[in-house]
1. Over segment 9-258, what relative contact order in percent results from Cα pairs under 8 Å that are six or more residues apart?
2. Using the number of other C-beta atoms within 10 angstrom as an exposure proxy, rank Thr117, Thr21 with the fewest first.
3. Give me Ser158, Ser82 sorted ascending by neighbouring Cβ count inside 10 Å, so fewest comes first.
4. With r as the distance between the Cβ atoms of Gln141 and Glu217 and R0 = 41 Å, compute the FRET efficiency 1/(1 + (r/R0)^6) and round to 0.05.
5. Return the distance in nm (one decimal) between the two label points of a simple spin-label model at Lys8 and Glu107, each offset 7 Å from Cα along Cα→Cβ.
6. From the square roots a ≥ b ≥ c of the eigenvalues of the alpha-carbon gyration tensor of the chain, which class results: rounded (a/c under 1.5), prolate (a/b over b/c), or oblate?
7. Over segment 112-169, calculate the relative contact order: mean separation of alpha carbon pairs under 8 Å at least 6 apart, over the residue count, as a percent.
8. For segment 110-176 and segment 185-238, what is the centre-to-centre distance using only Cα atoms, to the nearest Å?
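Please treat every number below as a calculation from the coordinates, not as lab data. No experiment lies behind these values; they were computed from the predicted model shown. We place every Cβ from the backbone using ideal geometry, glycine too, and count neighbours over all the protein chains shown.
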Amino acid sequence: MAMKRANKVIDLNADIGEADTADWAWAEAQIVMAISSANIACGGHAGDDETMRTTIQACKDNGVTIGAHPAYPDRENFGRKSLTLGQEISASQLKQSLTEQIVKLAEIAAENDMPITYVKPHGALYNDAVIDMEKANIITQVINDIDPNLILLGGPQSCMQMAANAAGLTFVAEGFIDRRYTDDGHLQPRSEDGAVITCPQARLRQTQSLASAGQVETITGKPLNIQARSLCLHGDSAGAVETAWQARRAIEALGIQIKPFAG
């Protein structure tokens, strides 16, 4: 039996600001009311000035901390296609795009007196930066150039964490309540069946296990330790609204307070 975590505070975050339909926008508005931190798309894979303003205002109204959610500049593939440095995108192009995305969100947030407090890469860029030190270093260089007080949110025991530590940035590890993990501690690729947890009960069990024990069950059934200060759900997943509220209730039922890791 895994021991209950001593930490009685945890963050609940969601990837939002990606909606391009009325129903999706409604769902995001409901999700904002259940979470404590929002990773807001800032134009690379989704989002524009209008969606950023709307999402930021919703977060302000609900006391939700905001962070930038930059991606490869690839809206066609929703930022979920890995781009090879030196072939599909240069290091300087990636750095420039990430800078523009984060700065744009920061400028719009400032209009609403809302500071961005952290950065979380999106999609393929996130997955790549878990295992690719060059891409992880590009992300941390961008953050340092913009504001070294920004926190990097990412995968535990990853190249992102090592790059952040080397750059003197604060790093916060997260765990996913709606994604499967491989035995080596990485997210199962979305190209593989079962990578996204669709069953509400399975999402709930993973939420409870991450929050109470810092552990998930891998795709082969092995226990995997994920010591996360923040738990993530994807706003574009089917049933995301129900998942957000079920996760919040389940975490609070464990006696754990939901609170932003930043700010």
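1. On the way: 498 pairs, mean separation 52.0, N = 250.
Relative CO of segment 9-258 lands at 21 percent.
2. Values: Thr117 20, Thr21 8.
With the fewest neighbours first, Thr117, Thr21 line up as Thr21, Thr117.
3. Numbers: Ser158 22, Ser82 16.
Least crowded to most crowded, the residues run Ser82, Ser158.
4. Efficiency, from the Cβ-Cβ distance: 0.70.
5. Calculated label separation equals 4.5 nm.
6. On the way: a/c = 1.43, a/b = 1.19, b/c = 1.20.
Rounded.
7. Details: 66 pairs, mean separation 23.7, N = 58.
With pairs under 8 Å counted, the relative contact order is 41 percent.
8. Using only Cα atoms, the two centres lie 21 Å from each other.
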